[in-house]
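First up is the structure itself, then whatever we jot down about it.
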There are 2 protein chains.
Amino acid sequence: MLTNDGPPTLDDVARTAGVSRSTASRAINGGLRVSPEAQAAVDDAVARLGYSPNRAARSLVTRRTDSIALVVPEPDGRILTDPFLAGTLRGVSDALAGTDLQLVLLLARPGEHPGQMARYLRSGHVDGVIVTSHHRGDHLEAELAGGKLPAVFVGRPFASDDAGLHWVDVDNVTGGRLATRRLIERGCRRIATVTGPLDMTAAVDRFAGWREEMAATGLPDDAYVEGDFTVSGGTAATQHLLDEHPDVDAIFIASDLMAEGALHALAARGISVPGDIAVTGFDDLGIAASATPRLTTVRNPVVEMVNAATSTLLTMLAGEQVPSAPLIMDAVLIEGASA
Amino acid sequence: MLTNDGPPTLDDVARTAGVSRSTASRAINGGLRVSPEAQAAVDDAVARLGYSPNRAARSLVTRRTDSIALVVPEPDGRILTDPFLAGTLRGVSDALAGTDLQLVLLLARPGEHPGQMARYLRSGHVDGVIVTSHHRGDHLEAELAGGKLPAVFVGRPFASDDAGLHWVDVDNVTGGRLATRRLIERGCRRIATVTGPLDMTAAVDRFAGWREEMAATGLPDDAYVEGDFTVSGGTAATQHLLDEHPDVDAIFIASDLMAEGALHALAARGISVPGDIAVTGFDDLGIAASATPRLTTVRNPVVEMVNAATSTLLTMLAGEQVPSAPLIMDAVLIEGASA
DNA sequence: GTCGGGCATGGGAGCGCTACCACAGGGACG
DNA sequence: CGTCCCTGTGGTAGCGCTCCCATGCCCGAC
């Protein structure tokens, strides 16, 4: 029944089912205007032949690529081990089950020209984009604001007031305030923070939350060190912090990964947590629960965020107009033993 | 100069450059049989128009998709934070720079039928495959052994003696022996091991290395617990181990991630490392260096492995015959303070 | 009984590209 | 001086699919 040697084509299916190519195509793509008998015959033929549509041929005429890119403009490889990114990968991948969209992973390459990724995206190789781990200076907002290519940021982009920019995020400012307030309510008064890399909005916003809460309570906001969202960075930042401000009695650390590093640093100096110094983290993606002591942290609802981002993207891909209002999830404090 | 409204096509380039579509195509694809003048004219036109070839159209005729899949048949999301996987992502992505191959990420979905991924791969959506985090029972070797689809495993596949299976790996058995020997040479005699998940060859082989070395020295090999290559799994396994075998004076832990968890468990019980119990790990991908104490471990050369795997795959993609001899990298002991 | 309007179907064009082939021109060789 | 080959070039077919349109058909309305 197969004319050619390669994989079966739509023609083969049509011939096997005893219908025309047009009918076979319709039956395969949703079955509008197809009689039940024709539909059944085609379904049967597809199963028997093991037919799978040729993506390229379909793309050529539909002008869609049926693939979306997950963009990680993070030239530093270490961030790849971050549970946040893991959750994003998992979430996007899962959300794509049931669609026949391919997930194309686009990592910034070390030493790559900043505009290179933007150029790639512009050339129409993917139908849509999810951006995570966005950094100031990666040129992505400007590129994607045009609205030519459907895009959703996971995490507030820097130019977040640009029209036409879609994004979801957790309320990092409130999260930062909650984590800080917890320390204040504990009775701590000399409260420091280890921020994330300040070329990322998550770091900026959590830092702002700390500042706001400190100001609201009338406490000084001079004790802070910039970290990099890694364990070893957390250790280093904490050591630095302790050297500069030996009087701190609490630290809000802008990610659990860094908080873990901080706990190492504190333990190494024989400082008890929360006895001598209380600690709060941010993320609650597994690390907090297994840290010693268990971290008091703020839940970062990655799965929900990524689900929302992906379904927004899918809606845009379906051609529907989506208002570009950001979607901001609540930050919730999670009780631990560290503060 | 552009006839249509969409992105520029090869026709537009040809017309702009004043050559035929054929010549333009040749100039763009390597420039064989193209005069310098024509080449220059085409290059110029491409730059001016911002032309980027339509992948779908090209794929349709070349019968290649210009994309390769990175397959992670690991339904458990936690593994995504493993530095080994991070290194693989980074490595494959980097190795693909310069080619115009897309990297399609294929994560097993929780609850997915085991053969589903194989079916996807069979349908010709990608030109080649790199498999990592391979598990017994994921049906991947059988599927890929046929040689229809170029594939390279990072890490020995279970059916590793199947002809036509390409793979690279570190010498896990020797690595396990080295890590164990180190403990023996230290004078330890009651040496346990925390294995990885035994449905993965890396775990099986490292375990075998431990066994071999223990047997060679005439030591008993009854003290072992199966872990899962995660931090918390390492903690749990170690606690279990200590309860069952209170007399152990050394542990070879089959990954640094688990070793980190083990160090937590040991510290929690007030057991000093290496004083009371010496510890060796496996991987040396950043964790070992930042652990307290610094882990003695075995270097797992991910970057080299993935580079080798990718370039093997690229060679196969180029149509050259590649002998399916495995490529096995040396395991090297890395000095730390934990043993 | 006739006619209009839907629905299921098939025919055919064409998406943008590469591969094949034919051909012109020019140099090297007999 | 003719022949051959080799290089650069353009024309054209066709990859597998979807979409538009024309066709035939059945059913209900008048």
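The values are calculated or read from the model by the stated rules, or taken from the named source; none is laboratory data. These numbers were taken from a predicted model, which means no experiment stands behind them. So basically every Cβ, Gly included, is an ideal-geometry build from the backbone, and we count neighbours across all protein chains shown.
The residues listed here are B:Ala325, B:Ala288, B:Ala262, B:Ala318; of these, the one that is within 14 Å of chain A (Cβ to nearest Cβ) and at pLDDT below 95 is B:Ala288.
Scanning the range A:3-28 for residues that are within 39 Å of the chain's Cα centre (by Cα) and within 7 Å of DNA strand C (Cβ to nearest atom) turns up just one, A:Arg26. Per the listing A:Thr99, A:Thr23, the residue uniquely more than 30 Å from A:Val168 (Cα to Cα), out of contact with any Pro (no Cβ under 9 Å at 6 or more places or on another chain) and among the β-branched types (Val, Ile, Thr) is A:Thr23. Does A:Leu85 meet the test of being away from DNA strand C (no atom under 16 Å from the Cβ) and within 30 Å of A:Pro8 (Cβ to Cβ)? In short, no. For the range B:29-52, the criterion of being surrounded by 20 or more Cβ atoms within 10 Å (Cβ to Cβ), modelled with pLDDT of 90 or more, within 9 Å of DNA strand C (Cβ to nearest atom) and of a type outside the set (S, T, N, Q) is satisfied by at least one residue.
Looking only at the range B:128-147, decide whether some residue is assigned to a strand (DSSP E or B) and more than 14 Å from chain A (Cβ to nearest Cβ).
Yes, that holds for at least one residue.
The set of residues in the range B:11-22 being within 10 Å of DNA strand D (Cβ to nearest atom) and closer than 24 Å to A:Gly124 by Cα consists of B:Asp11, B:Ala14, B:Ala17, B:Arg21, B:Ser22.
Does B:Thr65 meet the test of being more than 10 Å from every other protein chain (Cβ to nearest Cβ) and buried (at least 22 other Cβ atoms within 10 Å of the Cβ)?
When the stated conditions are applied, B:Thr65 does not pass them.
Scan the range A:172-213 for residues that are over 23 Å from A:Pro73 (Cβ atoms) and part of a loop (DSSP other than H, G, I, E, B) and jot them down. Within the range A:172-213, A:Arg186, A:Gly187, A:Cys188, A:Arg189, A:Arg190 qualify. Inspect the range B:132-143 for any residue being in contact with a Leu (Cβ under 7 Å, 6 or more places away or on another chain), among the β-branched types (Val, Ile, Thr), within 23 Å of B:Thr230 (Cα to Cα) and touching a residue at least 40 places away in the same chain (Cβ under 8 Å) and give the result as yes or no. Scanning the range B:132-143 turns up at least one residue that is in contact with a Leu (Cβ under 7 Å, 6 or more places away or on another chain), among the β-branched types (Val, Ile, Thr), within 23 Å of B:Thr230 (Cα to Cα) and touching a residue at least 40 places away in the same chain (Cβ under 8 Å). Please specify each residue of the range B:316-330 satisfying the condition of being among the polar types (S, T, N, Q) and surrounded by 14 or more Cβ atoms within 10 Å (Cβ to Cβ). Result: B:Ser324, single match. Only one entry of B:Ser324, B:Ser272, B:Ser311 meets the criterion of being of a type in the set (Ser, Thr, Tyr) and more than 28 Å from B:Leu96 (Cβ to Cβ), and that entry is B:Ser272. Summed over the range A:90-117, residues that are surrounded by 19 or more Cβ atoms within 10 Å (Cβ to Cβ) and closer than 20 Å to B:Leu49 by Cα total 1.
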